[in-house]
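The values are calculated or read from the model by the stated rules, or taken from the named source; none is laboratory data. A quick note: this is a predicted structure, and the numbers were derived from the prediction, not measured. Here Cβ is always computed from backbone atoms with ideal geometry, including for glycine, and neighbour counts include all displayed protein chains. These accessible areas exclude ligands, DNA and RNA; they are computed on the full protein's heavy atoms, side chains included. Shrake-Rupley method; radii C 1.70, N 1.55, O 1.52, S 1.80 Å.
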Amino acid sequence: MNAGTAAIFDLDGTLLDSMGVWDRVDTEFLARRGLDVPSDYMETIAAMQFRDIATYTIERFDLVGEREEDLMDEWTRLALHDYTTMVEPKAGALDYLHHLRDTGAKLAVATSMMPQLRGPALEHAGMADLFDAVVGVEEVAHGKQDPDIYLEAAARCGVDATQCTVFEDILPGIESARRAGMQAWGVQDDSSRRQWRRICEVADGVLSDFTQAPRALR
């Protein structure tokens with residue numbers, strides 16, 4: 001592997017087998033308000049910043065009198081138990097991370113997960129000490145529909161964007177990473193099943209678990 005290469009990973013649905021957490025959280029959150037989860041809700045919010053999800057949710061479901069901060073706090077409380085007790089790495093993920101570190105690659109996380117969740121989730125998954133940088137979408141100007149978060153992760157690793165490979169389970173993230181000049185691999189997850197055909201067309205490669213990930217980065 002060439003020196004200076006880097007791998008940038010999403011967490012939810014990519015490194016972590018965790019999207020079922022948000023299915024449960026969304027179901028419980030909306031059920032408390034007498035509402036069902038629309039079939040397009042998860043797909044619509046997947047690339048957004050956390051606060052933008054709260055704003056969108058309030059507007060879409062006409063949650064008059066509710067505040068973004070209250071929604072974010074409620075979601076975090078609902079999800080924290082699962083991330084610290086139940087959520088596990090995707091198959092082959094830990095071995096793959098160790099393999100890349102052994103080859104000298106820089107490793108980064110680029111995630112929409114809030115800091116209150118991502119730290120405990122990485123600890124529980126045994127990944128907390130494996131990354132050179134962890135970047136949250138709240139630290140950059142836009143959500144994953146724009147390449148800001150991937151460019152910031154590359155900068156913190158000291159690696160040019162053209163030497164980075166991104167692993168993502170959502171189509172907007174794959175598309176924006178490629179616009180930044182990065183390679184992008186699609187990771188199969190239930191959350192992206194409606195977009196999987198398009199992901200296969202757009203991504204530089206796809207995998208269902210990390211035993212299929214490229215052993216050498218570009």
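Calculate the translational D of the stretch 1-122 in whole µm² s⁻¹ from Stokes-Einstein, where the hydrodynamic radius comes from the Kirkwood formula applied to all Cα pairs, the temperature is 4 °C and the viscosity 1.567 mPa s.
Values: Rh = 15.9 Å.
The diffusion coefficient I find is 81 µm²/s.
Tell me, what does the Kirkwood hydrodynamic radius of the stretch 68-127 come to in angstroms if you use every pair of distinct C-alpha atoms? The partial results should precede the final answer.
On the way: mean 1/r = 0.0769 Å⁻¹.
Computed over Cα pairs of the stretch 68-127, the Kirkwood hydrodynamic radius comes out at 13.0 Å.
Keeping every protein chain present and rolling a 1.4 Å probe, give me the accessible area per residue for the stretch 100-218 in Å². Working shown, then result.
Numbers: 5050 Å² over 119 residues.
Normalised by residue count, the accessible surface of the stretch 100-218 is 42 Å².
Return, for the Cα atoms of the chain, the radius of gyration and Dmax in Å, separated by a comma.
Rg then Dmax for the chain, in Å: 16.8, 55.
Take the Cα atoms of the stretch 70-180, build their convex hull, and give its volume per residue in Å³. All intermediate terms of the calculation are to be shown ahead of the outcome.
Values: hull volume 11.9 nm³, N = 111.
It is 107 Å³ per residue.
Along each of the three principal axes of the Cα atoms of the stretch 158-202, give the extent in whole Å, ordering the values from largest to smallest.
34, 15, 12
Viscosity 1.567 mPa s, temperature 4 °C: what is the translational diffusion coefficient of the stretch 10-58 from Stokes-Einstein with a Kirkwood Rh over Cα pairs, rounded to a whole number of µm²/s? Walk me through the numbers on the way to the answer.
Numbers: Rh = 11.6 Å.
Diffusion coefficient, whole number: 112 µm²/s.
Over the stretch 17-80, give the accessible area per residue in Å² for a 1.4 Å probe, as an integer.
Values: 3300 Å² over 64 residues.
Roughly 52 Å² per residue, with all protein chains present.
Quote the relative contact order of the chain in percent (integer), defining contacts as alpha-carbon pairs under 8 Å separated by 6+ residues.
Numbers: 382 pairs, mean separation 61.2, N = 218.
RCO, the chain: 28 percent.
What percentage of the solvent-accessible surface of the stretch 154-216, computed with a 1.4 Å probe over protein heavy atoms, is contributed by carbon and sulfur atoms? Please list the in-between numbers first.
Values: 1210 of 2900 Å².
Looking at the stretch 154-216 in its full context, I get 42 percent from C and S.
Once amide H atoms are built 1.01 Å from N in the peptide plane, which residues 5 or more positions from VAL166, or in another chain, come under 5 Å H to H?
Result for VAL166 returns ILE8, GLN183, ALA184, TRP185.
How large is ³J(HN,Hα), in whole Hz, for each residue of the stretch 9-20 in order, when computed from phi with the Karplus curve 6.51 cos²θ - 1.76 cosθ + 1.60 and θ = phi - 60°, using x for Gly and Pro?
10, 6, 9, 4, x, 10, 6, 10, 7, 10, 5, x
Classify the stretch 32-78 as rounded, prolate or oblate from the Cα gyration tensor: take a ≥ b ≥ c as the square roots of its eigenvalues, call it rounded if a/c is under 1.5, otherwise prolate when a/b beats b/c and oblate if not.
Details: a/c = 1.39, a/b = 1.10, b/c = 1.26.
Verdict is rounded for the stretch 32-78.
Determine one quarter of the surface area of the Cα convex hull of the stretch 127-213, which equals its mean projected area, and express it in nm² to one decimal. Don't skip to the answer; put the middle values down first.
On the way: hull surface 23.6 nm².
Mean orientational projected area (the stretch 127-213, Cα hull): 5.9 nm².
Taking the Cα-to-Cβ direction at VAL202 and at VAL64 and moving 7 Å from each Cα, how far apart do the two end points lie in nm?
Taking the two extended label points, one gets 3.8 nm.
At what distance in nm do the modelled label points of ASP23 and ASP95 sit from each other, each positioned 7 Å from its Cα along Cα→Cβ?
According to this spin-label approximation, the distance is 2.6 nm.
Give me a comma-separated list of calculated 3J(HN,Hα) values for the stretch 122-130, in order, Karplus coefficients 6.51, -1.76, 1.60 applied at θ = phi - 60°, integers in Hz, x for any Gly or Pro.
5, 4, 4, 7, x, 10, 4, 9, 9
Provide the per-residue ³J(HN,Hα) series for the stretch 78-88, in order, calculated from phi with Karplus coefficients 6.51, -1.76, 1.60 and θ = phi - 60°, each as a whole number of Hz, with x at glycine and proline positions.
Computed from phi, the couplings for the stretch 78-88 are 5, 8, 4, 4, 5, 5, 9, 10, 10, 5, 10 Hz.
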